[in-house]
Amino acid sequence: MERTPNENGFLENNSPENIPFNSQDSIFSSNMFLDGDGEVILTQSSDRLSWKSVESVLNGQDPSSCFGKELVSKGETILCFSDIYSAEFSDWGLVHEAAFLGQSFEMYRFTIRGVQKSKTQPSVLVPSFYTFGHKDSQTCQMWVNRINDLLDMDAERPKSLLVFINPKSGKGLGCKVWDTVAPTFSQAKVKTKGGDGFFNEILNGLLLSRHKSSYPPSPTELNHPVENNDNEPVLDTNVDIRDPSDSGEDESPLLKQSANLRTGEDSCQTAADDLEFSFPNEKFRFGLIPAGSTDAIVICTTGARDAMTSALQIILGKAVCLDIAQVVRWKKTSTSKDEPCVRYAASFAGYGFYGDVITESEKYRWMGPKRYDYAGTKVFLRHRSYEAEVAYVEVESEKKNTGPEKESSGSWTKGLWSLLKKSERVACRANCNICKTKAGHTSAKCPSLQPYSKDSRWLKSKGNFLSVGAAVISCRNEKAPDGLVADAHLSDGFLHLILIKDCPHACYLCHLLQLAKKDGNPLDFEFVEHHKTPAFTFTSFGKESIWNVDGELFQAHQLSAQVFRGLINLFASGPEA
């Protein structure tokens, strides 16, 4: 290709540069000036931009590569369109040559903004930008238009977002966290409109009015055999699944308003009339920017508790499916009918220790996030256990871990050896093969998302429990680096039921220490039952605790829960390996 120098000494192609944009064009290139590097040849193909220094083109270099940015040859960089979020024309100004040369020129400029991985933390994303210059303003504007047109073709990227900010989250820094990432959304031309709320309240407000499904059976609908502490089959599983339109209301004003939307003769007909916003809906996606006390959902879906990483993944349209648990409180009415009250959980529902800590922490809100440590210590020292019965659906792959053949030494010392053992678990990662095989739904109009059949075999466990927990995801956080269940998946259709039986104080302390330890084994104790299941029921006896459902208090004497696989989509990409 013949090139001639211009008045600034840059080499230019003799072919016309102001050609109209066409997505079918395979390759397009121009000679530009990259701020801080010097003269380059900028090339656009169908899925990427690349630039190469003119010197390396003339001299000819050997291919190579490095981490982060892909280098095809010395002085050549590749930036995929999937990692670019904006291109902006910035008018006339200075463009600097390589730093060691110290020269600068005035010309028209445009800036390309993209994303790259942190060199020290693979799961953390940081913004990057490159400023190019040219003597012709139309050439710069043409490149901006070409890049933005290609970005607009990505249907997965959001164009407008409704943003909810909780000003009291974490240490009361919710608004300040948003202020740090809001300019990035503006640069990406994503329109944002703000509101106030919690993720759990927003999730429940939408699902209570839009998600149509049968409820799980109440505990009284299962005919239990003679009560004992062993795992035995529950006899009657032919339960009467009731209509979703019978749902009750919770105490939250937001949930009352959304629950009222369900009134009518046929709740499924309501969904059919407004399919665009019914669930499951793959076009509707949630985004979550960390500003809370634990941010377990963000850590499990991005791998980092970093506001900019979450913002960039939202802007680029990255998304993962999340399982959601439907938790139903059953209450007897004056006609002896079980009346349901529904909550949804994206991370965890816990009773006993977990509920007592939240209840106690409410007295010390003035302490900020440290109140959880203080409240946890007080609850641990009390060492309260609660009598309850839990029934759960047996999973075929879990049969070998239940029944009479299960080892039971009668001692509490088994788990102490886990202090010396290293875990070989594999956590759920980006592009997880298990989570990618999402289960199909039966109908868009009125989906029957029952995660188990009426012929499912139910098992039970009864006794005094320090805690009863159901983890939807691993629930990793700064206090538990591997989470409650390290190998839990984001979208496999299972709850992890964790039953902590009454045990000596020192043994329970060992369990908690293992939770706080990287590569710990908190489930490898004789007093810990761990069952992977799609559904369970719960009945308390005697004195009662309270349920902690995604950080919200939920009083329930009788409760049942089921998980729906991949019910919502969350802007995230999954943590890196």
request  = Specify the residue that is surrounded by the most Cβ atoms within 10 Å (Cβ to Cβ); the eligible residues are those in the stretch 313-331 that are under 30 Å from residue 178 (Cα atoms) and among the β-branched types (Val, Ile, Thr).
outcome  = 314
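So for the stretch 513-533 (the condition being closer than 22 Å to residue 321 by Cα, part of a strand (DSSP E or B) and open to solvent by 30 Å² or more (accessible area, probe 1.4 Å)), does at least one residue qualify?
Yes, there is a match, as at least one residue in the stretch 513-533 is closer than 22 Å to residue 321 by Cα, part of a strand (DSSP E or B) and open to solvent by 30 Å² or more (accessible area, probe 1.4 Å).
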query = In the stretch 27-36, which residues are over 10 Å from residue 132 (Cα atoms) and open to solvent by 30 Å² or more (accessible area, probe 1.4 Å)?
reply = 27, 29
query = From the residues in the stretch 363-405 that are more than 21 Å from residue 470 (Cβ to Cβ) and basic (Lys, Arg), which one is modelled with the lowest pLDDT?
reply = 400
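Can you find a residue that is on the phi < 0 side of the Ramachandran plot and in a strand (DSSP E or B) anywhere in the stretch 138-145?
Scanning the stretch 138-145 turns up no residue that is on the phi < 0 side of the Ramachandran plot and in a strand (DSSP E or B).
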request  = Would you mind stating whether residue 354 is aromatic (Phe, Trp, Tyr), free of Cβ contacts under 8 Å to residues at least 24 places away in the same chain and on the phi < 0 side of the Ramachandran plot?
outcome  = no
task = Return the residue satisfying two criteria in turn: it lies in the stretch 92-124 and is more than 18 Å from residue 79 (Cα to Cα) and among the hydroxyl-bearing types (Ser, Thr, Tyr), and of such residues it is surrounded by the fewest Cβ atoms within 10 Å (Cβ to Cβ).
result = 120
request  = Could you tell me whether the stretch 202-213 includes any residue that is within 23 Å of residue 337 (Cβ to Cβ), over 28 Å from the mean Cα position of the chain (by Cα) and either modelled with pLDDT under 55 or of a type in the set (D, E, K, R) (or both)?
outcome  = no
task = Output yes when any residue across the stretch 539-554 is among the acidic types (Asp, Glu), in contact with a Phe, Trp or Tyr (Cβ under 7 Å, 6 or more places away or on another chain) and surrounded by fewer than 17 Cβ atoms within 10 Å (Cβ to Cβ), and no when none is.
result = yes
query = Of (1) at pLDDT below 90; (2) open to solvent by 30 Å² or more (accessible area, probe 1.4 Å); (3) of a type outside the set (Phe, Trp, Tyr), residue 127 satisfies all except one. Which?
reply = (1)
remark   = Within the stretch 482-512, the residues that are under 17 Å from the mean Cα position of the chain (by Cα) and open to solvent by 40 Å² or more (accessible area, probe 1.4 Å) are 487, 494
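Could you go through the stretch 552-559 and let me know if any residue there is assigned to a strand (DSSP E or B), touching a residue at least 60 places away in the same chain (Cβ under 8 Å) and among the aliphatic types (A, V, I, L, M).
Yes, the stretch 552-559 contains at least one residue that is assigned to a strand (DSSP E or B), touching a residue at least 60 places away in the same chain (Cβ under 8 Å) and among the aliphatic types (A, V, I, L, M).
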message = With the requirement that a residue be assigned to a helix (DSSP H, G or I) and of a type in the set (Phe, Trp, Tyr), what does the stretch 341-366 give you?
response = 353, 354, 364, 366
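Residue by residue, here is whether (1) open to solvent by less than 10 Å² (accessible area, probe 1.4 Å); (2) touching an Asp or Glu at 6+ places or on another chain (Cβ under 6 Å); (3) in contact (Cβ under 8 Å) with a residue 60 or more places away in the chain; (4) within 30 Å of residue 453 (Cβ to Cβ) holds:
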| site | (1), (2), (3), (4) |
| --- | --- |
| 154 | no, no, yes, no |
| 159 | no, no, no, no |
| 162 | no, no, no, no |
| 178 | no, no, yes, no |
| 183 | no, no, no, no |
| 204 | yes, no, yes, yes |
| 211 | yes, no, yes, yes |
| 217 | yes, no, yes, yes |
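From the list 127, 122, which residue is within 33 Å of the chain's Cα centre (by Cα) and in a strand (DSSP E or B)?
Going through 127, 122 in turn, just one is within 33 Å of the chain's Cα centre (by Cα) and in a strand (DSSP E or B): 127.
Taking into account only those residues within the stretch 357-373 that are of a type in the set (Ser, Thr, Tyr) and free of Cβ contacts under 8 Å to residues at least 60 places away in the same chain, which is surrounded by the fewest Cβ atoms within 10 Å (Cβ to Cβ)?
Out of the qualifying residues, it is 364.
Here is a list: 310, 347, 334. Which entry is crowded, with 20+ Cβ neighbours inside 10 Å, more than 24 Å from residue 184 (Cβ to Cβ) and at pLDDT below 95? Show your work before the answer.
On the way: 310 fails: more than 24 Å from residue 184 (Cβ to Cβ); 334 fails: crowded, with 20+ Cβ neighbours inside 10 Å.
Being crowded, with 20+ Cβ neighbours inside 10 Å, more than 24 Å from residue 184 (Cβ to Cβ) and at pLDDT below 95 holds for just one of 310, 347, 334, which is 347.
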ask   = Is it true that some residue in the stretch 8-25 is open to solvent by 30 Å² or more (accessible area, probe 1.4 Å) and modelled with pLDDT of 80 or more?
value = no
inquiry  = Quick check on my filter: what residues within the stretch 417-467 are closer than 27 Å to residue 354 by Cβ, in a loop (DSSP other than H, G, I, E, B), open to solvent by 70 Å² or more (accessible area, probe 1.4 Å) and modelled with pLDDT of 60 or more?
reply    = 425, 426, 429
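The values are calculated or read from the model by the stated rules, or taken from the named source; none is laboratory data. Please read all numbers here as calculations on a predicted model, not as lab measurements. So basically every Cβ, Gly included, is an ideal-geometry build from the backbone, and we count neighbours across all protein chains shown. Note: areas computed on protein heavy atoms with side chains; ligands, DNA, RNA excluded. Shrake-Rupley method; radii C 1.70, N 1.55, O 1.52, S 1.80 Å.
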